[in-house]
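Have a look at the structure below before the remarks.
The values are calculated or read from the model by the stated rules, or taken from the named source; none is laboratory data. Here the structure is a predicted model, which is why all the values come from computation and not from measurement. Positions of Cβ are generated from backbone atoms using ideal geometry, with glycine treated the same way; all protein chains shown enter the neighbour counts. SASA here: full protein model, heavy atoms, side chains in, ligands and nucleic acids out. Shrake-Rupley method; radii C 1.70, N 1.55, O 1.52, S 1.80 Å.
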Amino acid sequence: MKKAICGFLMFFTFVTVCFAQQNDANTDKKNGGNIILKAGTKLSAQLQQTLDVEKTQSGDDFVLTLTEDVAGNGVNFSKGTELLGRVVRVKSVSSDNNISEISISFDFLKNGDDYLKFKASVISVAPEGAKPEMHFEASPVFKGATVISIKGKNLQLEQGLVFNLKLNIDLLKP
């Protein structure tokens, strides 16, 4: 009786593992055909409004636009395509804290009437046309957001700043 139960459990385990591997392979083929841009792709986008720690609040939305055309897998995004994000956290300089921060995350890339799920982290931020030594680095992603900070004064990200971004997840067709 024990041999029969063990044999059945081994057979059931084998069938389950084979089925799971087949489903993973099918999912990879399906998603591979739907990927427009792979995670790790770098993009450049320009801020369309000022984000100021003294005026901006958590939950505020903001827009960046692509600074150049980007060719994806069967889909092209032209210069000016909108990237929609939101402010996650704002901290201003105080007597207790000498660092000002704005934490931001990205939600969507607008493609015509479609909104594609878009998750990216900020690599660097610089004024348009700035020399490389003039840019400042953004902190790593924190709880899904990138923290941009400055010491000693309240942070203000001016309209027109160029954000260099890296996709965190594959951008998929709708």
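For the range 151-174, residues that are at positive phi and within 20 Å of the chain's Cα centre (by Cα) total 1.
Using the structure shown, decide if Ile35 is modelled with pLDDT under 95, open to solvent by 60 Å² or more (accessible area, probe 1.4 Å), under 24 Å from Ala145 (Cα atoms) and not basic (Lys, Arg). So Ile35 does not fit the description; no. When Gln57 is tested against the conditions (1) at pLDDT 95 or above; (2) more than 20 Å from Lys117 (Cα to Cα); (3) surrounded by 10 or more Cβ atoms within 10 Å (Cβ to Cβ), the lone failure is (3).
Where strands (runs of 3 or more DSSP E) fall entirely within the range 40-124, those with at least 2 residues that are among the hydroxyl-bearing types (Ser, Thr, Tyr) are at 99-111. Taken over the range 60-98, the criterion of being touching a Leu at 6+ places or on another chain (Cβ under 9 Å) and of a type in the set (Val, Ile, Thr) is satisfied by Val63, Thr65, Thr67, Val70, Val75, Thr81, Val87, Val90, Val93.
If you go through the range 94-120 and pick out every residue that is hydroxyl-bearing (Ser, Thr, Tyr) and either open to solvent by 10 Å² or more (accessible area, probe 1.4 Å) or without any contact (Cβ under 8 Å) to a residue 12 or more places away in the chain (or both), you end up with 3.
Filtering Val122, Val87 for residues that are among the β-branched types (Val, Ile, Thr) and farther than 17 Å from Leu171 by Cα leaves a single hit, Val87.
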